[in-house]
Amino acid sequence: MAAGLAMTAAALAASGARDAGRAGGAAQARPQAQERADAVAAPGRERAVRMVSAPVRIADAATVRLLRRGDRVDVIAAAAGPSVPGGEAPDARVVAAGARVADVPRARESSGGEGGGALVVLSVPRATAAALAGVGATSHLAVTLC
């Protein structure tokens with residue numbers, strides 16, 4: 001079920017950009033206009049990045065129990081399934097670097113479901129949230145404390 005939700009989130013994020021030019025695009029153009037206004041309001045500074053909440057299921061529930069609100073973590077994805085022939089571990093890559101932990105739902109609220117693991121809510125840029133949703137559907141996710 002979690003994989004299905006992650007795939008749906010990734011598909012919605014991808015279709016949102018494609019639909020911006022259609023009739024309903026005016027509502028989606030508003031956040032882009034606000035981002036441009038933020039950039040104009042602070043000339044000479046880096047453009048403000050809009051942060052969103054991204055629920056992420058981490059494969060090792062015990063690791064999630066170590067996390068607290070405000071912690072910074074790197075999220076690492078490793079391909080799900082059997083290891084690479086020859087006994088080598090599958091390649092892993094960092095999907096989100098320095099993400100802030102926004103919430104750690106209680107184990108009873110976030111455990112169970114397909115694939116086990118535990119849920120953590122991260123505050124990340126919108127593009128990173130879409131990447132996390134996509135890799136969460138096909139990979140095992142882990143975190144390291146920064």
Inside the range 36-61, can you point out the residues that are modelled with pLDDT of 95 or more and either farther than 24 Å from residue 133 by Cα or among the β-branched types (Val, Ile, Thr) (or both)? 52, 56, 58
Looking at the range 50-71 only, could you name the residues that are part of a strand (DSSP E or B), surrounded by 15 or more Cβ atoms within 10 Å (Cβ to Cβ) and of a type outside the set (A, V, I, L, M, F, W, C)? 55, 57
Select, from 83, 110, the only residue that is loosely packed, with under 13 Cβ neighbours inside 10 Å, of a type in the set (Gly, Ala, Ser), touching a Pro at 6+ places or on another chain (Cβ under 9 Å) and modelled with pLDDT under 70. 83
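The values are calculated or read from the model by the stated rules, or taken from the named source; none is laboratory data. Predicted model, so just to flag it, every value in this text is computed and none were measured. For neighbour counting, all protein chains shown are included, and Cβ atoms are generated from backbone atoms with ideal geometry for every residue, glycine included.
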